[in-house]
Structure formats: C-alpha cells, structure tokens
Amino acid sequence: MANPKSFPLVRGRTMRVTAVDGCCAPAYGPDSMVVTDGFVSVALTANINEPEEIIITNANGKTCVRDAGCPEFQGYSVDITFCEVSPCLFSIVTGQPAFVDAAGNVIGFRMNSKTVVCDSGFSLEVWMGVPGVACSGDAGAYGYLLLPCLQSGVIGDFTIENAAITFTVTGAQTKDGNGWGVGPYDVVLDDTGLESELLEALLPNDHLLMQLTQVAPPDTDDACGAGELGVAATGATAGTPGTYTPTNSYGPEDLAGMTGVTASPNTAWTTGQHVRTRDGSPVHWSGSAWAAGPA
C-alpha cells in the first residue's frame, strides 16, 4: 500500500442527501438531492449482534471450554439534528410528501402515520474539516463520509420555547444491498488531477465510507435546496420494464408528461412491455400514442 495517509477530522461543513430507489441506487429526478449546512449533528450508533458466550466448567469448578463467539456488525442507526427547516430535505429523509402552496412551491413538511418509512430511503454525504493536512496547489483537504443506503427515519421530539428550535430525524438505518457503485457525483480527484466519481465502486454490503478528498463540498442553496439529479428523458425503450434514454435520465411525472418522449421501437409494444413514470404508473406505446398500463 503506497503512501498511506492518516488525518484528523473536525466540524461538519456540508451535507448532501440524495433519494435512492428500491435497489438503493441514486434515484434520478428533478428534486432528488438537497445540499445544506443547516445541521447541528449527525450521530451514528453501531448495531452489534452480541454473540452468546459458551462456558463449560469441569467438576472442579474450572473452565474447560470457553468460546466468546464473534460480534456481528449489522449497520448503523443514524440521528440527524437540523437547525434549519428544509422541507425538501425532510421529505427525502422521511419519505413523507412535501406540502406546497398554490403556486406549487414547497413550503412545509408533514408527518403522516400511514407513510411506511421502510418503503423509502436516501444516501447521506458529509464533508468535514481536516486541519494540518498538506494539500496540493490551491486544493483544500476535506474528510468525506458516505452512507450509501439509509432507510428513512421520522421527525422526532422537539420543543417550542423561548430558544432556538431544532428538529431531529431519528430511526434512520443503514442497510445491506446498496446500489451506489461509484456514485453520480464527482467527489475525488483521479490520477490526472481531475474531479471524478469514486475511483472504486462500493460493495453491496458497504455501510460506510470515510476518506480524505481534495474535492470541495458542493455549494449550499439558501432556498429549499432541492436539485436535479440526471436529465429529463427524451426517449423510452420497451422492456419489462423498459428504460429511459439517455443514460442517467428520469421519466415524466405521469402519463400526461410522456408527450414528447420518443418510443423505441416506434411500433406498438408487445404484451407486458412498459416504462414507469415517476408516480409509479406503467405506460406503454400503442404505436401512435402513449397509453396507461402495460401493453
């Protein structure tokens, strides 16, 4: 291992949350990620399955068999405390629908008992300061934490009083089976010094990545902060289900939005073929127009 580096970490600087799909891969869409510095803390608690220790004593009271077993790491529980109300972010990390005004602007969040947090998830990236670490050129040095696959949490206890009000998202859990790969963002430098995605894809059962990077955190947004991940699709290829094109694109919100999306093939799709819109509905190409349901 060439030139291993150790580094100290201080303070949380910036956070990015990204919605993930059912395979815990980045969910491309117009409001899929939020960048903020309006957080107080991110607390990780390791979940350990403690083994049952086996001890057998002999007739003289002395230990003749002892097996302590092996602790099993099962992931992290994550609590995030915020000092700013970011409705778009809260919607991503809780799976709750956002609350909008008459113009469609996101102005609030809700907690609904019928929302199943197990059905939604997000990834979490946090940049930290790294004091005293030499950098190259004008680049800075940062600690980079990635939790690629988190089950959504809930807004926990809070108090309204003559003091600052903070909100804590609690109950979020890291899970096996992430589909993050190298990720959709440039977060490290490659061997030519250019910004790049992760240089090595995460394994499906990686729960956490911590590393040194010289790529600065993304800029925060003083507004809601919801940002686009990927581009709007211009085409849809038949399948069960099919896919949108170009690569890393996202489909329309509903059937009405499919106007202008080019079907491939342009003849009527065969039985069962469809693509899904962002509201989860299957749609297919009839040969002359987009229609609801699978072909």
Report task. Considering the options VAL126, THR245, GLN151, tell which one lies farthest towards the positive end of the dipole of the chain, charges being +1 on Lys and Arg and -1 on Asp and Glu at the Cβ, about the Cα centre. Result -> GLN151
Query - Order of VAL169, VAL117 under a 10 Å beta carbon neighbour criterion, fewest first - result: VAL117, VAL169
**Report entry** the range 124-212: C-alpha gyration tensor shape, a/c 1.5 cut-off, then a/b vs b/c
**Finding:** oblate
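Roughly how big is the chain's charge dipole about its Cα centre, with Cβ charges of +1 (Lys, Arg) and -1 (Asp, Glu), in debye to the nearest 20? Spell out each step's value before the answer.
Values: 11 positive and 31 negative charges, 94 e Å.
Here the size comes out at about 460 debye.
Within 10 Å, count the other beta carbons around each residue, average over each peptide in 52-61, 39-48, 66-75, and list them highest first. Spell out each step's value before the answer.
Working: 52-61: 8.3, 39-48: 14.2, 66-75: 11.7.
The most tightly packed comes first, giving 39-48, 66-75, 52-61.
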Query raised in the report: Out of THR94, VAL10, ILE55, whose Cα points farthest toward the positive end of the dipole of the chain (charges: +1 Lys, Arg; -1 Asp, Glu; placed on Cβ)?
Result: ILE55
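Using a 10 Å cut-off on Cβ atoms, rank the peptides 252-263, 104-115, 14-25, 272-283 from the highest mean neighbour count down.
On the way: 252-263: 15.6, 104-115: 11.5, 14-25: 19.8, 272-283: 17.6.
So the order, starting with the most tightly packed, is 14-25, 272-283, 252-263, 104-115.
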Query raised in the report: What lysines sit close enough to LYS62 to cross-link, taking a C-alpha to C-alpha distance under 28 Å and skipping anything fewer than 8 places away on the same chain?
Result: none
Report task. Between LYS5 and THR240, with labels modelled 7 Å along Cα→Cβ, what's the label distance in nm to one decimal, could you check? Result -> 5.0 nm
Query raised in the report: In whole Å, how far is the Cα centre of the range 147-183 from that of the range 220-295?
Result: 30 Å
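What does the C-alpha gyration tensor say about the overall shape of the range 149-199? Classify as rounded when a/c is under 1.5, otherwise prolate if a/b is larger than b/c, or oblate.
Values: a/c = 6.72, a/b = 2.02, b/c = 3.32.
Oblate, since a/c reaches 1.5 and b/c is not below a/b.
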Query - Farthest toward positive dipole pole in the chain [+1 Lys/Arg, -1 Asp/Glu at C-beta], among GLY193, THR277, VAL40 - result: THR277
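Can you tell me the dipole magnitude for the range 1-110 around its Cα centre, using point charges on the Cβ only (Lys, Arg +1; Asp, Glu -1), in Debye to the nearest 20? Walk me through the intermediate numbers first.
Values: 7 positive and 11 negative charges, 78 e Å.
The calculation lands at about 380 debye.
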Report summary line: Cα pairs beyond 13 Å in the range 232-292, in percent, come to 52 percent
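So what's the back-of-envelope 222 nm ellipticity for the chain, counting only DSSP H runs of four-plus at -39500 (n - 2.57) apiece and dividing by all residues, rounded to 500?
Working: 1 runs with 8 residues, N = 295.
That calculation yields -500 deg cm²/dmol at 222 nm.
Given an 8 Å cut-off on Cα distances and at least 6 residues of separation, report the relative contact order of the chain as a percent. Each step should come with its number before you reach the end.
Details: 711 pairs, mean separation 53.7, N = 295.
Across the chain, relative contact order equals 18 percent.
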**Report entry** Largest to smallest principal axis extent of the C-alpha atoms in the chain, angstrom
**Finding:** 86, 56, 53
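Using only alpha carbon pairs under 8 Å that are at least six residues apart, calculate the relative contact order of the range 12-81 and give it in whole percent. The partial results should precede the final answer.
Working: 99 pairs, mean separation 21.4, N = 70.
Relative contact order, the range 12-81: 31 percent.
Any read-out appearing in this document is the output of simple, stated calculations on the displayed coordinates, not a laboratory observation. Source: prediction; values computed, not measured. Ideal geometry is used to build each Cβ from the backbone, glycine not excepted, and the neighbour counts take in all protein chains shown.
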